[in-house]
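What follows is calculated from the coordinates using simple rules that are stated; it is not laboratory data. As the structure is a computational prediction, the values presented were derived from the model and not from experiment. Note that we place each Cβ from the backbone using ideal geometry, even for glycine, and neighbour counts take in every protein chain shown.
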Amino acid sequence: MDFKTIAIVSDNHEDAVGARKILVDRYDDVAPDEADLIVALGGDGFMLTTLHKYMGKGTPIFGMNLGSVGFLMNEFGEDGLLERLQRAEPIVLHPLQMRARTSDGEEHAALAINEVSLLRELRLAAKIRIKVDGVNRMDELICDGVMISTPAGSTAYNLSVYGPILPLGAGLLALTPISAFRPRRWRGAVLPQKSLITFEVLDPGLRPVSAVADFTEVRNVVEVEVRETNGIRPTLLFDPEHNLEERILKEQFQP
């Protein structure tokens, strides 16, 4: 990976802050807006925050895990950082664009690297109609919620509700119900990456629903459209032996 300047950023917990101090003392560090490459220290949540913050600039990001799971991160190490960055392999992500309309007529937009999810707000189950590319595919899904996930996000929330794991580069999205009551045995669908998915909330006054794009939440939605973004392609960097594609493949064989 070619670069001249790096920025080292960290989550605000003690381990990450301490690791940043160690690295800044050893390596030249510039402000993130001036850097050719960003090193992010923390967990997967901090990586998502960093990706969202700088994805408009297109600056590649190399994460080192100081959190819990660290699926989007590399192992932390003080030594040989510049050499690791030079050898790092890029993974280009394809975020989703969410456009949501609320019951009061307001329009909201947000980007999602992992998934867009619709979730019931109250005790009553949500009722949601699903369209794909303008074609009505499900008249009424009665559920706690439903999500559309990218391959990068397919091993996160999507996997926890028994959605499929999607290989990177497969050109697919995972449409997965969350605790579906009717149709009871529907497990979701795998869709082409270029699909336009429209969710219509049925009876939103009685059964309110929120829409969440990664960590941006919009309450009381009545219609949500989700499709792949155009022109925004954040890049993650990985050690060759710690490649994200290999990790996603291995995850499919976990007991």
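Does anyone have the angle between helix 14-26 and the longest principal axis of the chain? Alpha-carbon axes, 0 to 90°, nearest 10? Helix 14-26 sits roughly 40 degrees off the main axis of the chain. Candidate cross-link partners of Lys131 among the lysines, defined by an alpha-carbon separation under 29 Å and a same-chain spacing of 8 or more, comprise Lys194. Ignoring aspartates and glutamates fewer than eight residues from Lys127 along the same chain, the ones with Cα atoms less than 18 angstrom from its Cα are Asp139, Glu140, Asp144, Glu200, Asp203, Glu223, Glu225.
Residue separation of Arg123 and His13 scaled by 0.36 nm, minus their Cα-Cα distance, works out to 36.1 nm of gained length. Dividing the helix sum by the residues of the chain, where each DSSP H run of 4 or more adds -39500 (n - 2.57), gives a mean residue ellipticity at 222 nm of -4500 deg cm²/dmol. Put simply, the Cα atoms of the stretch 96-228 extend 40, 31, 27 Å along their principal axes, the longest span coming first. Within the stretch 84-103, name every residue whose backbone N is under 17 Å away from a label modeled 7 Å from Cα of Lys53 along the Cβ vector. No residue passes the distance filter. Remark: for residue pairs Lys21/Lys57; Lys21/Lys53; Lys53/Lys250; Lys21/Lys250; Lys4/Lys53; Lys4/Lys57, the C-alpha separation exceeds 27 Å in Lys53/Lys250; Lys21/Lys250.
Mind pulling the angle between the C-alpha long axis of helix 44-54 and the longest principal axis of the chain? Nearest 10 degrees, somewhere in 0 to 90. With rounding to tens, the tilt is 90 degrees. Placing a label point 7 Å from the Cα of Arg185 along the Cα-to-Cβ direction, the residues of the stretch 119-151 with a backbone N closer than 19 Å are 138-143. For the chain, the spread of Cα positions along the three principal axes, ordered from largest to smallest, is 58, 40, 33 Å.
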